[in-house]
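Data first, discussion second: the structure below is written as structure tokens.
The values are calculated or read from the model by the stated rules, or taken from the named source; none is laboratory data. All of these numbers come straight from a predicted model, not from anything done at the bench. Positions of Cβ are generated from backbone atoms using ideal geometry, with glycine treated the same way; all protein chains shown enter the neighbour counts.
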Amino acid sequence: MSEATTPRGLTPNARGALWMLGSAVGFAGMTVLIKFLGDDYPPALQTFYRQAAGFAVLLPIILHHRGAAFATTRPGLLLFRSGAGTIGMMLSFYAFQEMPLADANALSFTRNLWLVPLAAFVVREQVGALRIGAAVVGFVGVLVMIRPGAGGEFALGLPALAMLAASFLFALTITGMKVMTRDHSPTVLLVWGATLGLVLAIPGAFLTWRWPEPLDLGLLCLMGVMGTITQACYIKGMQLGDAAAMAPIDYTRLIFSAAAGYLLFSEIPTIWTLIGAVIIVASTLFITIREQQLARSARLLAAAEVQR
């Protein structure tokens, strides 16, 4: 992407960086609300409010386009993708409620590591030794975070397992999106995701339902809206800037979440969390930069073939 300045005086990457910072701050704020409300509202119920907020945001588009917004030839794949995303959301909400925010956020970045084997086995992409090696190193970072505990005991608990499983499920949804974008517009994918996500969240909400107090209802709705805004800011940032330049900024949510955990919940990251997080971030950054380099080389090669 060209670094020529825009009429606003900012390069595309600089504008994208601002959107990515907004996404990181919004994500940290959403996880604070997830944790704060977690004592009274279980993950399934919080997921329902999150999905309801996303559906409400997209409702004007649904009403305007109607049948065209749901045009698809592969409803089964869309259902699978939404199911994986909804279950992943519940698991991640559980992890954010039960784990220190810094630990949960660091483990959430393993989503990018899971994309490497999924790209090879599902999308049939060519995955080189460097990307495989980076993924292996990233999972070593996970072991550094979760294995050492008090007295050297194995510290892998249900919340950490939940976040790792959620990251895998989110990687599945991303892989599914790559497949679906070949013959579906982004609007159709968003509409199906929001609609099915809300429907699939209803059973869990029904089983754990409790009528919220007025203040809690406002916070639950705010949490859902912040999740939707966070996603929109992330998409906008990636749209404006180069992926390799935007990816490091996304990791600032580790800093915001660690600060929020310390100030609001008296959480102090351990040395194992810090070391493991550095390894995970470094490996996923390498994968992101490597993928963009390969994509750029492929575009240049295709352009050269056209000119011949």
How about the stretch 260-286: which of its residues are in a helix (DSSP H, G or I) and more than 20 Å from the chain's Cα centre (by Cα)?
262, 263, 264, 265, 271, 272, 274, 275
Enumeration of residues in the stretch 66-99 that are closer than 30 Å to residue 266 by Cβ and either assigned to a helix (DSSP H, G or I) or touching a strand residue (DSSP E or B) at 6+ places or on another chain (Cβ under 9 Å) (or both)
88, 89, 90, 91, 92, 93, 94, 95, 96, 97, 98
Here the qualifying pairs (Cβ atoms under 8 Å; residues six or more apart or on different chains; first in the stretch 203-220 and at negative phi; second of a type in the set (Val, Ile, Thr) and surrounded by 12 or more Cβ atoms within 10 Å (Cβ to Cβ)) come out as 204/47; 205/47
Within the stretch 175-194, can one find any residue that is under 15 Å from residue 55 (Cα atoms), hydroxyl-bearing (Ser, Thr, Tyr) and buried (at least 18 other Cβ atoms within 10 Å of the Cβ)?
no
Condition check: assigned to a helix (DSSP H, G or I), farther than 28 Å from residue 289 by Cβ and touching a Phe, Trp or Tyr at 6+ places or on another chain (Cβ under 7 Å). Does residue 58 satisfy that?
no
Among the residues of the stretch 108-128, how many are assigned to a helix (DSSP H, G or I) and among the polar types (S, T, N, Q)?
2
Scan the stretch 270-281 residue by residue and report those that are out of contact with any Leu (no Cβ under 9 Å at 6 or more places or on another chain) and surrounded by 15 or more Cβ atoms within 10 Å (Cβ to Cβ).
270, 272, 273, 274, 279
Could you tell me whether any residue of the stretch 90-111 is modelled with pLDDT under 85, buried (at least 20 other Cβ atoms within 10 Å of the Cβ) and of a type in the set (S, T, N, Q)?
no
Mind checking whether some residue in the stretch 77-85 is closer than 21 Å to residue 175 by Cβ, surrounded by fewer than 17 Cβ atoms within 10 Å (Cβ to Cβ) and either modelled with pLDDT under 90 or polar (S, T, N, Q) (or both)?
yes
Could you tell me whether any residue of the stretch 18-25 is modelled with pLDDT under 90 and either closer than 15 Å to residue 204 by Cβ or surrounded by fewer than 19 Cβ atoms within 10 Å (Cβ to Cβ) (or both)?
no
Yes or no: the stretch 199-220 includes at least one residue that is of a type in the set (A, V, I, L, M, F, W, C), within 22 Å of residue 71 (Cα to Cα) and not in a loop (DSSP other than H, G, I, E, B).
yes
